[in-house]
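Notes follow the structure.
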Amino acid sequence: LYYYTSYFSTRPDDFEIETMIKGYDAIKARIIELTNKGYDVTNKETAVLECLKMALEATARGFSFAPIDLNESGAIYFKVKDEHSIYPPFRSIEGLGDTVAQNIVDEREKQPFLSIEDVQKRAKVSSTLIDKMRTMGIFDGMDESSQLSLF
């Protein structure tokens, strides 16, 4: 488990975290899809393919990739969740850079986030990334705004 955590932490841009979180079958299907492209595969997809092969190996051995957790995931590095799963870092979200990833972690350590709006303002996350994080389920159960409704 620690080997895979270390391996994926050294691959800053070469993974499709949403596919990896879905597990063995999704990873295998994506590998087949990329392999079937033949010579039409891009350099980025070639790099992703290598990482997906390692993710497939990890899932075949019984390990899994937990969904990114607003309160537990690291900024830059993958982190062991328990004896069978790994937390991906915020940086693994496509388009989210190291600075914003670190902002999220720094701000949550100062004080828990109250709402999605709070995350966006304090961690300086763009609306596009907030939408992507929302679709990934990172904000499940969290209020949109910090405003209280009296009625």
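Between GLU33 and THR46, 0.36 nm times their residue separation minus their Cα-Cα distance comes to what? Intermediate values should be presented prior to the final figure.
Numbers: separation 13, 0.36 × 13 = 4.68 nm, distance 1.18 nm.
Between GLU33 and THR46, full extension yields an extra 3.5 nm.
In µm²/s, what is D for segment 1-81 at 4 °C and 1.567 mPa s, where D = kT/(6 pi eta Rh) by Stokes-Einstein and Rh is the Kirkwood radius from Cα pairs? Write out the running numbers ahead of the final one.
Details: Rh = 13.1 Å.
Estimated via Stokes-Einstein, D reaches 99 µm²/s.
Could you pull out the GluC sites (Glu not before Pro) across segment 98-151 that fall in loop regions by DSSP (anything but H, G, I, E, B) with no more than 13 other Cβ atoms inside 10 Å?
Filter output for segment 98-151: GLU144.
All distinct Cα pairs of the chain go into the 1/r average, and the inverse of that average, the Kirkwood radius, is 16.3 Å. In the structure shown, the pairs LYS44/LYS79; LYS81/LYS132; LYS22/LYS132; LYS22/LYS81 are assessed against 19 Å; a Cα-Cα span above that value is assigned to LYS44/LYS79; LYS81/LYS132.
Looking at the chain, do any whole DSSP H helices span at least 20 angstrom along their long axis by alpha carbon and average -1.0 or above on Kyte-Doolittle, and which? Don't jump to the answer; show the numbers that get you there.
Details: long enough: 43-60 (26 Å, 0.22).
Length and hydropathy pass: 43-60.
Residue-wise HN-Hα couplings along segment 77-94, as the Karplus relation 6.51 cos²θ - 1.76 cosθ + 1.60 with θ = phi - 60° gives them from phi, are 10, 5, 9, 5, 8, 8, 6, 10, 9, 10, 8, x, x, 4, 4, 6, 6, 4 Hz; Gly and Pro carry x.
Accessible area per residue of segment 60-151 at 1.4 Å probe, in Å²? Walk me through the numbers before you get to the answer.
Details: 5360 Å² over 92 residues.
Value for segment 60-151: 58 Å² per residue.
Each Cα pair under 8 Å and six or more residues apart adds its sequence gap; the mean of these over the residue count of the chain is a relative contact order of 21 percent. Between PHE65 and ILE86, the built amide H atoms are under 5 Å apart, and every one of these is 5 or more places off in sequence or on another chain. Per residue, the chain reaches -15000 deg cm²/dmol at 222 nm when only DSSP H runs of four or more residues are counted, each adding -39500 (n - 2.57).
The H on the amide N of ILE93, modeled in the peptide plane, is under 5 Å from the matching H of no residue at least 5 residues off or on a different chain. FRET efficiency for the pair SER127 and GLU72, taken as 1/(1 + (r/R0)^6) with r the Cβ-Cβ distance and R0 = 30 Å, rounds to 0.80.
The values are calculated or read from the model by the stated rules, or taken from the named source; none is laboratory data. The structure displayed is predicted, hence computed values, not measured ones. Cβ: placed from backbone, ideal geometry, glycine included. Neighbour counts: every protein chain shown. Keep in mind that these areas ignore ligands, DNA and RNA; they rest on the heavy atoms of the full protein, side chains included. Shrake-Rupley method; radii C 1.70, N 1.55, O 1.52, S 1.80 Å.
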